[in-house]
1. Quick one, can you get me the convex hull of the C-alpha atoms of the stretch A:4-104 expressed as volume per residue in Å³?
2. Go ahead and estimate [θ] at 222 nm for chain A from helices alone: -39,500 (n - 2.57) per DSSP H run with n ≥ 4, summed, over the residue count, rounded to 500.
3. Order by neighbour count: B:ASP61, B:ASP33, fewest other Cβ atoms within 10 Å first, most last.
4. When 1/r is averaged over all different Cα pairs and the result inverted, which Kirkwood radius in Å belongs to the protein assembly as shown?
5. If neighbour count is taken as other Cβ atoms inside 10 Å, put B:ARG52, B:ARG28 in order from fewest to most.
6. From the backbone phi of the stretch B:68-81, what are the Karplus-calculated ³J(HN,Hα) couplings (6.51 cos²θ - 1.76 cosθ + 1.60, θ = phi - 60°) in whole Hz, Gly and Pro given as x?
7. Using C-alpha positions alone, give me the convex hull volume of the stretch B:7-83 per residue in cubic angstrom.
8. Once Rh is set to the Kirkwood radius over Cα pairs, what Stokes-Einstein translational diffusion coefficient, in µm²/s, holds for the stretch A:27-85 at a temperature of 37 °C and a viscosity of 0.692 mPa s?
Amino acid sequence: MSTPIEDEINKEIATHKILIYGKGTKTAPQCGFTVETMEFFNKYGYPYELINALPNPEKRETLSKMTNWPTLPKVFINGQFYGDTDVLGPMEEKGELQPLLKAAFPDQA
Amino acid sequence: MSQMMTFEDLSTQLQEALGDAEVSVLDRTGTMDHFTVKVISDAFEGKNLLDRHRMIYQALDAPMKDGRIHALEIQAKTKNEAKGG
């Protein structure tokens, strides 16, 4: 049995190929790590969604439980949790990220 | 306000959780609550980055919950990986 908040999160994860749960909005990010994460994805040019988890403590708590990951930002690619840029950066260096993104956006070059 | 973390507190807590860990800590902002930790430990052997970071978060659960650590940037390597660069 999933709760309404879990349903909402699962729907968001399924809707957005690249999804960042962060602090603030794209136009007014409220955390250096959120900005860093946006910049990280900006260079790839794929569309991403940033959802502000700051106003909703219950949702933040649920997200942390679902991912077993205590901090924001939290990044999902193609429905899968990948932590934050401390995880994505080394994956990028090893050439593991590009194939993931390509698989998430098969229609784009 | 709770007491600040020292570099030593951070290192000690990580070493207690991860055994043989080599820990280096940086204060990112000069405020002693935004840290970069580099941890080298064979406890990470066979674990992906997500799980390594979870181990570190778990070791620092208390100071992260009470706000002594506001933000944490993490690098986690095994001894072999650290040797390789």
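Here, each number is a calculation from the coordinates, and none is a lab measurement. As the structure is a prediction and not an experimental result, all values here were calculated from the model. Glycine gets a Cβ as well: all are built from the backbone with ideal geometry, and neighbour counts include every protein chain shown.
1. Working: hull volume 9.3 nm³, N = 101.
Cα-based convex hull of the stretch A:4-104, divided per residue, equals 92 Å³.
2. Theoretical 222 nm ellipticity from helices: -14000 deg cm²/dmol.
3. Values: B:ASP61 14, B:ASP33 17.
Final ranking by Cβ density, sparse to dense: B:ASP61, B:ASP33.
4. Numbers: mean 1/r = 0.0564 Å⁻¹.
Value: 17.7 Å, from the Cα pair sum.
5. Working: B:ARG52 24, B:ARG28 15.
Least to most surrounded, the residues fall as B:ARG28, B:ARG52.
6. 5, 9, 8, 8, 9, 9, 10, 10, 10, 10, 7, 4, 5, 4
7. Values: hull volume 6.0 nm³, N = 77.
Spelled out: Cα convex hull of the stretch B:7-83, divided by residues, is 79 Å³.
8. Values: Rh = 12.2 Å.
Using the Kirkwood radius from Cα pairs, D works out to 269 µm²/s.
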